[in-house]
Amino acid sequence: MADLDNYAFPLATHLRSEHLASVWCTKRHADTSRVLVASVHEAPAPDATYTVRTTAASQTNAYKEQIRAGVASAAEIPFGGVQLQIAFVVGPQRNWLNLWKPTIDALDPLLGRTRADRDWHPKDGRITDLGLHVDVDPFLGHDVVVTVAAGPVAFT
């Protein structure tokens with residue numbers, strides 16, 4: 001139940017450049033781990049998405065509250081693994097890697113909460129397939145546009 005983004009963050013930080021535009025992670029029970037670095041290619045958009053424009057600093061509760069409000073109408077994903085994609089549109093001064101954790105922490109309407117009385121502690125260990133993406137808009141300033149798509153994992 002380890003949080004998948006916690007594995008990806010140090011690697012992405014090490015690889016960070018203006019060319020790092022997408023990070024994909026999958027976790028499964030296996031004897032080996034692998035890393036692949038490749039060029040980005042376009043993929044079809046998921047069916048159901050939630051988009052919110054944030055105006056608060058990412059290290060504040062106000063940021064998380066804006067993200068949570070953007071997904072508040074979503075039903076909690078049924079028990080089991082979750083596939084999650086988050087696309088960030090940021091201004092050129094933003095470090096999109098620092099947006100990962102506070103954004104995921106606000107997704108308890110989709111993921112469920114570890115405890116009903118604890119804000120910002122979703123059941124994010126359920127995420128088994130994670131895609132994080134960025135695009136830079138020089139006119140966005142410090143605002144961030146976040147699009148979230150999530151659903152149950154269909155294991156084959």
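The values are calculated or read from the model by the stated rules, or taken from the named source; none is laboratory data. Model, not experiment: these values are computed from the prediction. Every residue, glycine among them, receives a Cβ derived from its backbone with ideal geometry; neighbour counts consider all protein chains shown. Ligands, DNA and RNA are stripped out before the accessible areas are found, and what is left, the full protein with its side chains, is counted by its heavy atoms. Shrake-Rupley method; radii C 1.70, N 1.55, O 1.52, S 1.80 Å.
Can you pull out every residue in the stretch 70-86 that is surrounded by fewer than 20 Cβ atoms within 10 Å (Cβ to Cβ) and either of a type in the set (S, T, Y) or under 24 Å from F139 (Cβ atoms) (or both)?
Hit for the stretch 70-86 is S73, nothing else.
Search the stretch 129-156 for residues that are open to solvent by less than 50 Å² (accessible area, probe 1.4 Å) and pair each with any residue that is of a type in the set (K, R) and part of a strand (DSSP E or B) when their beta-carbon atoms are under 6 Å apart and the residues are at least 6 apart or on different chains.
Cβ pairs passing all conditions: D143/R53; V145/R53.
Which is among the basic types (K, R), touching a residue at least 40 places away in the same chain (Cβ under 8 Å) and farther than 25 Å from F139 by Cα, of K27, K101, K64?
Working: K101 fails: farther than 25 Å from F139 by Cα; K64 fails: farther than 25 Å from F139 by Cα.
Unique residue meeting the criteria: K27.
List the number of the failed condition for N98; all other conditions in (1) under 23 Å from N6 (Cβ atoms); (2) open to solvent by 10 Å² or more (accessible area, probe 1.4 Å); (3) in contact with a strand residue (DSSP E or B) (Cβ under 7 Å, 6 or more places away or on another chain) hold.
(3)
Please go through the stretch 89-142 and give me each residue that is in contact with a Phe, Trp or Tyr (Cβ under 6 Å, 6 or more places away or on another chain) and under 12 Å from I67 (Cβ atoms), ordered by number.
Across the stretch 89-142, the qualifying residues are L99, P102, D105.
Pairs, please: C-beta under 6 Å, at least 6 apart or cross-chain, first residue under 22 Å from V89 (Cα atoms) and in the stretch 67-79, second of a type in the set (G, A, S) and modelled with pLDDT of 95 or more?
What qualifies is I67/A106; R68/A106.
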